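Please treat every number below as a calculation from the coordinates, not as lab data. Given the structure is predicted, the values throughout are model-derived calculations rather than measurements. Note: ideal-geometry Cβ built from the backbone for every residue, glycine included; neighbour counts use all protein chains shown.
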Amino acid sequence: WDPEDAAEQGRLIRLQATISKGPEDNYYAHPIEGVIITVELDSMKVVKIEDHGVVPVPERAGNYTTSSIAKSDNVPYFPEGTRKDLKPISITQPNGVSFQVTGHEVSWQKWRFRVGFTP
């Protein structure tokens, strides 16, 4: 990976492949180790696929939902479920918010950023 040598190739990003076993599955729980995809972001084209051989994909769940953590085949495993000793937190802004959300863009003072989630 040579960013200086690859500058003329465009904006590149390297992605690691994963397997999702359901809509609430932890994205990082089942990586496909050794498979790396390079994408040029301006054209959204795959420019390189690396396959460094077969590595077993972890089978155990690694989910953090309330229903998942009480299952014995999940890591982390908390048989008692979530903690019961936490007091509720209440955040209020009596004068209104100082930020604005337009679609995926959040504007706050002199800052602007986008938020997105990919299932």
- Eligible lysines near LYS71 by straight Cα distance, threshold 29 Å, same-chain separation 8 or greater: LYS21, LYS84, LYS87
- Would you please give the residues with an amide H less than 5 Å from that of PHE78, counting only those at least 5 places away or on a separate chain, with H modeled from the backbone geometry? ALA70, LYS71
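Taking the square root of 5 times each eigenvalue of the Cα gyration tensor, what semi-axes in Å does the equivalent ellipsoid of the chain have, largest first?
Details: eigenvalues 230, 176, 20 Å².
Equivalent-ellipsoid dimensions as semi-axes: 34, 30, 10 Å.
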- Looking at the chain, send over the antiparallel percent of its DSSP beta bridges, to the nearest 5. 95 percent
- Query: Using 1/(1 + (r/R0)^6) with R0 = 41 angstrom and r between the beta carbons of THR18 and ASN95, what's the FRET efficiency to the nearest 0.05?
  - Reply: 0.45
- Query: Which value in nm describes the separation of the simple spin-label points at SER72 and TRP111, placed 7 Å from the Cα toward the beta carbon?
  - Reply: 4.6 nm
- Not counting the cut sites, what is the longest span of the chain without trypsin sites (Lys or Arg not before Pro) that DSSP labels loop and that have at most 11 other Cβ atoms within 10 Å? 12-59
- Query: Highest GNM mean-square fluctuation, the chain, Cα pairs closer than 10 Å: which of THR82, THR18, THR92?
  - Reply: THR92
- May I ask you to list the chymotrypsin sites (Phe, Trp or Tyr not before Pro) in the range 63-119 that are in a DSSP loop and have at most 14 other Cβ atoms within 10 Å of their Cβ? TYR64, TYR77, PHE117
